[in-house]
């Protein structure tokens, strides 16, 4: 499901499937989300994790909870916290260059705001 904001949305794809979408607003911009992901990475490194271990752990987490796994069907990202965790995991993997932000099967897509139904305007 795509969550539209007043300024559009940012969607995260993995293995060719839409995993999660977050709204873009005046306060929650693209840079807001990437800054938050970067801060999570910094906190993890300050907590004693090595970059290599953090990269392996986040990659494994993403593979386990991708839509192809049995775990995905069980949890289906039921809560907003579930969606936030998987979204920020994806952004952290992009930040660490594990996932290409503009990749063919994985990455992010930033869309402009949704316009009203054009058929109604005619």
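The values are calculated or read from the model by the stated rules, or taken from the named source; none is laboratory data. Please read all numbers here as calculations on a predicted model, not as lab measurements. We place every Cβ from the backbone using ideal geometry, glycine too, and count neighbours over all the protein chains shown.
Just a few scattered comments:
- The set of residues in segment 79-109 being at pLDDT 90 or above, exposed (fewer than 14 other Cβ atoms within 10 Å of the Cβ) and outside any loop (DSSP other than H, G, I, E, B) consists of 102 alone.
- Residue list for segment 9-33, filter: in contact (Cβ under 8 Å) with a residue 24 or more places away in the chain and surrounded by fewer than 18 Cβ atoms within 10 Å (Cβ to Cβ): 15, 16, 17, 30
- Filter result for residue 38 (outside any helix (DSSP H, G or I) and closer than 15 Å to residue 96 by Cβ): no
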